[in-house]
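Read through the structure below, which is laid out as structure tokens, and then see the notes.
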Amino acid sequence: MKVSAKKRVIGIALLTAIAVMGDAMLFIVLPLYWEEFGLTALWQIGVLLSVNRFVRLPLNPLVGLFYKHFQLRTGVFLAVLLATLTTMSYGMLQDFWLLFLMRALWGVAWSFLRLGGYLTVIETTNDSNRGNFVGLYNGLWGIGGLVGMLAGGILVDYTSISFVTSLFAWLAFFALPLVWLFVPVKAAEQTKKQKKEENTRWLTRHVTLVLTTSLTMGFIVFGIFASTLSPLIERSYQDQWSVAQLTIGAATLAGVMQAIRWGWDPFVAPWIGKCLDRSTSKIQLLLLPLFSGSVLLCFLGYVQSMILLLILLLLFQFTSTFFVTTTDTLATGVASKSDRVKVITAHTMVVDLGAAFGPLVAFYLIDNFSLTVVYILAASLLFLLGVIWLFEQWRELMKAHK
């Protein structure tokens, strides 16, 4: 059965969404229920939320080679199968080192899913629609984050961890047949032009700056913010709220806040992508989330009012959607004009590197200083990156006028 480009992107995105639910749930539940997972210290939270990303750092180049020589379908099938196993284990194992092993296996699964998705988007897009397809892909797989965080936060408050992890694991298992339906047997064959590009220098000044942006995005959005949202809400959540005589816990509220972001992503991210496709300067659009995100993170570090905190969280989550979509569009754009596998593998590696160090740095600073210090650090990094891109834009303008 012939599958259109759009259906191929949608298919891989939805499979990724199902597979990622267990991982998304942990970011809300683990920082609040860490003792029920058999952990004995706060630093173990940071390790478990980070180890899957460290595993992916050396693994991503190998996965890139895998997709050059083996079927795309095989890699995605393996990924969903590992997602089933690891998600089930989170509720069954109550030992730090066994959970450590399972999180490492999840890192293997995510490498196959993420790289396969990016390569699919690159092969099926051009400069006129790449931003839209990147936004569509990110928005749809984000539905898994929505379900994982929202359902995870709510259900764990009222049922049990083992119930939630078993539910998500069975959903992943029953999604396995969809691999044959949506995922092509193999990626598109390379053209002679693409093979020639592999022999050219790909790590240019511009590509290096794009990869630096990818690193910062992973560190702040997927690392620091995702892992500290629950403690941030818990710090200001003094008076418990209730709906229909049911008390809303901090995990539930954190899950709702993250789920709102994942809920609007399927609509907002493609719209942002279309704006990028129509824009004559993607750098100018990138500056918006960099500087506005820096200001919002600074406020988040100090705010004490719960209502104001929720408003600022919504604004920052919109900014992060803008940041992620723009960064991924820049990365896939430079990859399409260079060695695709090398550039997109480097992009996934540095995003993983940032996301891996994010929770470790965050919980180290929380243990030794305060949550405010974590957010001031993140704000400073975004501001510095914005200044670097401003200088790069000025440099390009000077070059154009010579």
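The values are calculated or read from the model by the stated rules, or taken from the named source; none is laboratory data. This structure is a prediction, so every number in the text was calculated from the model and none was measured. As a convention, Cβ positions derive from the backbone with ideal geometry for all residues, glycine included, and neighbour counts pool all protein chains shown.
Descriptive notes on the structure:
- Residues of the stretch 366-392 satisfying the condition of being under 13 Å from Gly301 (Cβ atoms), more than 22 Å from the chain's Cα centre (by Cα) and either assigned to a helix (DSSP H, G or I) or aromatic (Phe, Trp, Tyr) (or both): Ile366, Phe369, Thr372, Val373
- Residue in the stretch 133-151 that is at pLDDT 75 or above, under 17 Å from Ala19 (Cα atoms), within 25 Å of the chain's Cα centre (by Cα) and not in a helix (DSSP H, G or I) present: no
- Boolean, Ala13 is at pLDDT 85 or above, within 24 Å of Thr159 (Cβ to Cβ) and in a helix (DSSP H, G or I): no
- Failed condition for Gly64, given (1) closer than 18 Å to Trp141 by Cβ; (2) surrounded by 20 or more Cβ atoms within 10 Å (Cβ to Cβ): (1)
- A count restricted to the stretch 142-151 and to residues that are surrounded by 24 or more Cβ atoms within 10 Å (Cβ to Cβ) and either of a type in the set (Asp, Glu) or farther than 14 Å from Trp264 by Cβ (or both) stands at 2.
- When we screen Leu59, Leu49, Leu72, Leu78 for residues that are among the aliphatic types (A, V, I, L, M), touching a Gly at 6+ places or on another chain (Cβ under 9 Å) and surrounded by fewer than 23 Cβ atoms within 10 Å (Cβ to Cβ), the only hit is Leu59.
- Residue match in the stretch 296-303 (condition: surrounded by 18 or more Cβ atoms within 10 Å (Cβ to Cβ), within 15 Å of Leu209 (Cα to Cα) and touching a helix residue (DSSP H, G or I) at 6+ places or on another chain (Cβ under 7 Å)): no
- Filtered by the rule that a residue be acidic (Asp, Glu), within 26 Å of Val29 (Cα to Cα) and either assigned to a helix (DSSP H, G or I) or at pLDDT 70 or above (or both), the stretch 235-281 gives a lone residue, Asp265.
- Unmet requirement for Lys342, which otherwise passes all of (1) touching a helix residue (DSSP H, G or I) at 6+ places or on another chain (Cβ under 7 Å); (2) in contact (Cβ under 8 Å) with a residue 12 or more places away in the chain; (3) within 30 Å of Ile122 (Cβ to Cβ): (1)
- If you check Leu39, Leu57 for being in contact (Cβ under 8 Å) with a residue 40 or more places away in the chain and in a loop (DSSP other than H, G, I, E, B), only one passes: Leu39.
Results for (1) aromatic (Phe, Trp, Tyr); (2) at pLDDT below 85; (3) buried (at least 20 other Cβ atoms within 10 Å of the Cβ), shown as yes or no for each residue.
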position: Thr326; (1), (2), (3): no, no, yes
position: Ala335; (1), (2), (3): no, yes, yes
position: Lys342; (1), (2), (3): no, yes, no
position: Phe363; (1), (2), (3): yes, no, yes
position: Thr372; (1), (2), (3): no, no, no
position: Leu377; (1), (2), (3): no, no, no
position: Ile388; (1), (2), (3): no, no, no
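- Residue list for the stretch 358-402, filter: more than 22 Å from Leu209 (Cβ to Cβ) and small (Gly, Ala, Ser): Ala362, Ser370
- Residue list for the stretch 162-182, restricted to those being part of a helix (DSSP H, G or I), in contact with a Leu (Cβ under 9 Å, 6 or more places away or on another chain) and among the aliphatic types (A, V, I, L, M): Val164, Leu167, Ala169, Ala172, Leu178, Val179
- Of the residues Leu315, Leu310, the single one that is over 25 Å from Phe54 (Cβ atoms), without any contact (Cβ under 8 Å) to a residue 40 or more places away in the chain and not acidic (Asp, Glu) is Leu315.
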